[in-house]
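**Student:** Here's a structure for you.
Read-outs: derived from the displayed coordinates by stated rules, not from any lab. Everything numeric here is computed off the predicted structure, so don't read it as measured data. Cβ atoms come from the backbone with ideal geometry, glycine included; neighbour counts cover every protein chain shown.
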Amino acid sequence: METVVSGIRPTGNLHLGNYFGAVKSFLQMQYEYNCYFFIADWHSLTTHPHPDNIRNSVKTILAEYLACGIDPEKATIYIQSDVREVAELYLYLNMNAGIGELMRTTSFKDKARKQLHIDAADSDGDMEKEIFNEGNKHSVSAGLLTYPTLMAADIIIHKAVKVPVGKDQEQNMEMARRFARRFNSTFGVEFFPEPASFYYSNKAVKVPGLDGSGKMGKSEGNAIYLIDDEKTIKKKVMKAVTDAGPTEPNSVKPEPIANLFTMMDIVSTKDTYDFFNEKYNNCEIRYGDMKKQLAEDINNFCAPIRERILDIRANDEYMTKVARMGAEKASESAAKTLREVREIIGFRG
Ligand code: TYM
């Protein structure tokens, strides 16, 4: 059976972007592949250097994984920091990763800019100057720079061939393949397979935000969470950005409107989508009606998950058991890879 790995950072509750970008694939894949789904708590340290309650955030994701339907008897669910072999592999990969290639990744540049309070429009030179500025009180950590090597270690430690992720992870996946290849060529072995991104619909998924442009994300402040109640969902959807409506039949949809339709395509039935799409094309669309329907469909989707989250969160014993079982299975697989890696490099296996 082919191996699959994916993870989510414990930076808050899961939102619809996480669900349709990643978790939906997890649910499909768990029956057909040897799956490892983890909670990337080490990664959360790169942007939340002082996590107020990491244990709590990890439990949140664990409960939500289970509530979504990941079956701990089928897939191995674990916490990244429980598998220390990952940190050792990260060390080896970092020895062959270039500072230059890491600094050029878009997510590093975006996050470093944010931490340095630099405008996105400023040049890379400005960013570098700030990074090397000794007097800078906002420093950019080596952990943030090496985010992609840690992610590569997560994936190749189990020799995964498929990685279910959303579109925003494409560059990190490219780096993971590069580091796997580089290990093989450095040591003249065919040891690590090159992992490929996996999308349940064969197309990279980007769940949009409803605030006009861009993706849904926690840090974008536009997320609709699986745990949101009916009232909250309605409030968020009714606030979605729209316009005065089309004046010509079959007009191209501007981005905020296209995003509204994309969301409807994801959560509503085809009939519902077609109904509003036709209204749009005939210039008869009433966005208020469309939003009301969308809010209802999102709520119908989230309601059963929300109930299960509350049940599972109340059952600490069960969550501890799942995490312990996952840590054992993941550590066994990781230790096997690492023994071989150590031998390949020339250390005692
Ligand atoms: P993270 O925690 O930001 O997001 C978790 C998953 O959710 C997907 N996602 C989205 N997909 C579509 N549309 C959106 N709006 C959207 N928002 C989030 C992400 O693509 C991701 O699949 N670097 C990873 C965590 C990670 C990882 C790994 C993933 C660490 N190690 C190894 C796979 C394999 C991240 O920050 O995801």
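**Student:** Per-residue HN-Hα couplings for region 120-128, Karplus 6.51 cos²θ - 1.76 cosθ + 1.60 at θ = phi - 60°, whole Hz, x for Gly and Pro?
**Tutor:** With the stated coefficients, region 120-128 comes to 4, 7, 5, 6, 4, x, 4, 5, 4 Hz.
**Student:** For the chain, what is the calculated [θ] at 222 nm in deg cm²/dmol (nearest 500), taking -39500 (n - 2.57) for each run of four or more DSSP H residues and dividing by its residue count?
**Tutor:** -17000 deg cm²/dmol
**Student:** Here is a further query. I'd like the Karplus ³J(HN,Hα) series for region 20-37: coefficients 6.51, -1.76, 1.60, θ = phi - 60°, whole numbers in Hz, and an x wherever there's a Gly or Pro.
**Tutor:** 7, x, 10, 4, 4, 5, 4, 5, 6, 6, 4, 8, 10, 10, 7, 9, 10, 10
**Student:** Taking H placed 1.01 Å from N in the peptide plane, check which residues at least 5 places from GLY7 or on another chain put their amide H under 5 Å from its amide H.
**Tutor:** Distant-sequence amide H within range of GLY7: PHE38.
**Student:** Residues with amide H under 5 Å of LYS215's amide H, sequence separation 5 or more or different chain, H placed in the peptide plane at 1.01 Å from N; which?
**Tutor:** GLY209
**Student:** So what are the ³J(HN,Hα) numbers for region 149-157, from phi and the Karplus equation (6.51, -1.76, 1.60; θ = phi - 60°), rounded to whole Hz, Gly and Pro as x?
**Tutor:** With coefficients 6.51, -1.76 and 1.60, one gets 6, 5, 5, 4, 4, 3, 7, 7, 4 Hz.
**Student:** List the GluC sites (Glu not before Pro) in region 239-303 that DSSP assigns to loop (not H, G, I, E or B) and whose Cβ has at most 14 other Cβ atoms within 10 Å. Which are they?
**Tutor:** GLU284
**Student:** Can you divide the C-alpha Rg of the chain by 2.2 N^0.38 Å and report the result to two decimal places?
**Tutor:** Normalised Cα radius of gyration, the chain: 1.07.
**Student:** Additional query: Quick query: amide H of CYS35 versus all other amide H atoms, modeled in the peptide plane; which residues come in under 5 Å with a sequence gap of 5 or more or a different chain?
**Tutor:** Close amide H contacts, sequence-distant or interchain: VAL4, THR76.
**Student:** Can you pick out the pairs among LYS59/LYS162; LYS162/LYS253; LYS59/LYS292 whose Cα atoms lie more than 31 Å from each other?
**Tutor:** LYS162/LYS253; LYS59/LYS292
**Student:** DSSP beta bridges in the chain, what fraction antiparallel, as a percent rounded to 5?
**Tutor:** 10
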